[in-house]
Amino acid sequence: TRDKTISKCGLSAWLRRASRQNSCPLLLSGGELFINGTMDEWELLQRFAQQGSQDAFAELVCRHLNFVYSSSRRQVRSPQLAQEVAQTVFLELAREAARLKPGPPLTAWLYLVTRRTALNALRSEWRRQAREHAAYELSAMNPLPSVWEKLEPLLDEALETLNPRDRSALLLRY
């Protein structure tokens with residue numbers, strides 16, 4: 001049931017709903033970490049993992065979203081990318097809730113996952129930008145079809161005038 005209640009596409013709407021609750025000032029308090037209720041984070045996580053309690057997960061999000069968002073924002077330097085990172089971190093928390101064991105503060109686990117997710121997001125963004133740049137350069141190098149049609153016969157004629165060794169070198173290169 002946990003996977004049905006908190007899915008990738010539903011998490012952002014779910015987070016918006018949680019942020020409208022008076023007891024959860026998500027991202028509205030300038031980075032202040034809000035702590036509400038009497039259950040500690042491990043009890044909340046256990047309640048979510050075992051019973052699929054959305055209220056328990058909402059409380060965990062309320063307690064840690066500002067921390068996760070601000071950590072990711074510092075690392076990726078983009079509000080939109082930081083939101084994606086925070087969403088991914090809480091998705092991973094939902095998936096891994098049953099496997100996490102009490103011990104070190106949950107904040108430490110969240111920070112490590114935020115750091116890893118932010119680095120992956122940056123790498124992905126850099127790869128996307130590199131692909132776009134390469135595609136742009138290729139499109140700039142390719143002449144218009146009408147120009148190419150005029151050049152094709154001249155190219156073949158020019159290749160025929162070369163000695164076999166030079167022609168082979170050119171054909172191997174291009």
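The values are calculated or read from the model by the stated rules, or taken from the named source; none is laboratory data. Keep in mind that this is a model prediction, so the values were computed, not measured. Backbone-built Cβ (ideal geometry, glycine too); neighbour counts: all protein chains shown. All accessible areas refer to the heavy atoms of the entire protein, side chains included, with ligands and DNA or RNA removed. Shrake-Rupley method; radii C 1.70, N 1.55, O 1.52, S 1.80 Å.
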List pairs: first residue in segment 87-102 and assigned to a loop (DSSP other than H, G, I, E, B), second residue open to solvent by less than 50 Å² (accessible area, probe 1.4 Å) and hydrophobic (A, V, I, L, M, F, W, C) anywhere in the structure, Cβ distance under 7 angstrom, at least six positions apart or on different chains. Ala97/Leu45; Ala97/Phe48; Ala97/Ala49; Ala98/Ala49; Leu100/Leu45; Pro102/Trp42
Checking Leu122, Leu138 in turn, the sole residue that is open to solvent by less than 90 Å² (accessible area, probe 1.4 Å) and hydrophobic (A, V, I, L, M, F, W, C) turns out to be Leu122
What are the pairs, 6+ residues apart or on separate chains, where a residue within segment 43-56 that is under 12 Å from Ala94 (Cβ atoms) and free of Cβ contacts under 8 Å to residues at least 40 places away in the same chain has its Cβ under 6 Å from a residue that is assigned to a helix (DSSP H, G or I) and open to solvent by 100 Å² or more (accessible area, probe 1.4 Å)? none
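Among the residues of segment 36-69, what is the count of those that are surrounded by fewer than 16 Cβ atoms within 10 Å (Cβ to Cβ) and under 13 Å from Arg115 (Cα atoms)?
Counting residues in segment 36-69 that are surrounded by fewer than 16 Cβ atoms within 10 Å (Cβ to Cβ) and under 13 Å from Arg115 (Cα atoms) gives 0.
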When segment 86-112 is examined, which residues are found to be open to solvent by 60 Å² or more (accessible area, probe 1.4 Å), over 20 Å from the mean Cα position of the chain (by Cα) and more than 14 Å from Leu44 (Cβ to Cβ)? Arg99, Lys101, Pro104
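Condition first: small (Gly, Ala, Ser) and not in a helix (DSSP H, G or I). Now tell me which residues in segment 55-86 satisfy that.
To start, the set of residues in segment 55-86 that are small (Gly, Ala, Ser) comprises 56, 58, 70-72, 78, 82, 86.
Once the filter is applied, which keeps residues that are small (Gly, Ala, Ser) and not in a helix (DSSP H, G or I), segment 55-86 yields only Ser78.
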Residue hits (segment 143-174; modelled with pLDDT under 90, surrounded by 10 or more Cβ atoms within 10 Å (Cβ to Cβ) and not in a helix (DSSP H, G or I)) are Pro143
Residue, farthest from Glu125 (Cα to Cα), within segment 70-85, restricted to residues that are crowded, with 22+ Cβ neighbours inside 10 Å and out of contact with any Lys or Arg (no Cβ under 8 Å at 6 or more places or on another chain): Ser72
